[in-house]
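Asker: Quick one: the structure is below, and I'll ask about it shortly.
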Amino acid sequence: MNSMIRSFVVAALLATSVAPAWAGKGGSAGQIKSAVASGSVDAIIAEIERAESLMCSECIDVMTNLLDHSRYEVREAAGWWFAKRPSLRLMMIDQMVSDLGSGTGVSVRNAADFLGSVRAVDKLGALTAAYDRGVSAEARLAIVRAAGEIGSRSGNALLLKGLADADAGVRTMAVASWRDMSGQAGAASVVALLSDTDAGVRAQAAATVGGLRELSGRARLETLVVSDPEATVRRNAAWALGELGQKESAAALDAASGDASPLVRGVAKAARRSLR
């Protein structure tokens, strides 16, 4: 984190501070530090949440350092903490946009995660520009995840890039983000990924096609549910066919009801009962 921006953040926090270090919901800077030292992700997140209303200069360094944590869940929680403080949020956004434009893979990843956690919808252009400049797969994954977290359909153009990414992890995240986008109209753009070479992508695509009830994926789902080598894909395809609810899928679901996997069999039988 840039030292100058950190100084500004500290100054802004002090200017608005009206309570001692125990002003959060039982939280304190010391408890946050202890949780960090423990190495427990759950403990760190719990202390960040307890510090929701905490106003103290000591906690700034702790929280800014957590924006660089190796675990996404911690970075997301730290971003949420800053999102509760509008003036600090704006200053941090400026720094993160700078990191998107010139940072390394890790700093771009962290910046994207922050922008997603604070729902910075007006920074989708900056996220797209970072994606386009050839950052690492880890950073690209964070960028498409941020688009999903922001939740605006204006991020669909960025997600389309992610759906065509060379990295399977990025494609998987783009598919999940597409499904979770608020007000998403359909999943026609995802149907092609039902034939992806990566099983994780196929499984996520099946869940998305079903979740958004994209009827154009029905035939491919019927093929997956009876022939895909991965049980997770077959299970998700069975569930998706149940969500589509088309009587034409009865034969495929009847066949899947005899699958070698008990999980696939159970989902297929339940899906069969939901057909119209």
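Asker: Can you give me the number of residues within segment 240-256 that are surrounded by fewer than 22 Cβ atoms within 10 Å (Cβ to Cβ) and under 20 Å from Thr172 (Cβ atoms)?
Answerer: Total satisfying the criteria: 1.
Asker: So which residues in segment 155-175 are crowded, with 20+ Cβ neighbours inside 10 Å and under 19 Å from Gly210 (Cα atoms)?
Answerer: Of everything in segment 155-175, those that are crowded, with 20+ Cβ neighbours inside 10 Å and under 19 Å from Gly210 (Cα atoms) turn out to be Leu159, Leu163, Arg171, Thr172, Met173, Ala174, Val175.
Asker: Which numbered condition in (1) under 24 Å from Ala142 (Cα atoms); (2) out of contact with any helix residue (DSSP H, G or I) (no Cβ under 8 Å at 6 or more places or on another chain) is the only one that Gly245 fails?
Answerer: Failed condition: (1).
Asker: Among the residues that make up segment 72-90, is at least one of them surrounded by fewer than 16 Cβ atoms within 10 Å (Cβ to Cβ), within 23 Å of Thr172 (Cα to Cα) and charged (D, E, K, R)?
Answerer: Looking through segment 72-90, at least one residue is surrounded by fewer than 16 Cβ atoms within 10 Å (Cβ to Cβ), within 23 Å of Thr172 (Cα to Cα) and charged (D, E, K, R).
Asker: Another question, then. Can you pull out the residues in segment 132-151 that are of a type in the set (Gly, Ala, Ser), touching a residue at least 24 places away in the same chain (Cβ under 8 Å) and more than 12 Å from Asp180 (Cα to Cα)?
Answerer: Those that are of a type in the set (Gly, Ala, Ser), touching a residue at least 24 places away in the same chain (Cβ under 8 Å) and more than 12 Å from Asp180 (Cα to Cα): Ser136, Ala137, Ala139, Ala142.
No value in this document is a laboratory result; all are computed from the given coordinates. Predicted, not measured: the structure shown is a model, and the values here were computed from it. Please note: Cβ atoms are built from the backbone with ideal geometry, for glycine as well, and neighbour counts cover all protein chains shown.
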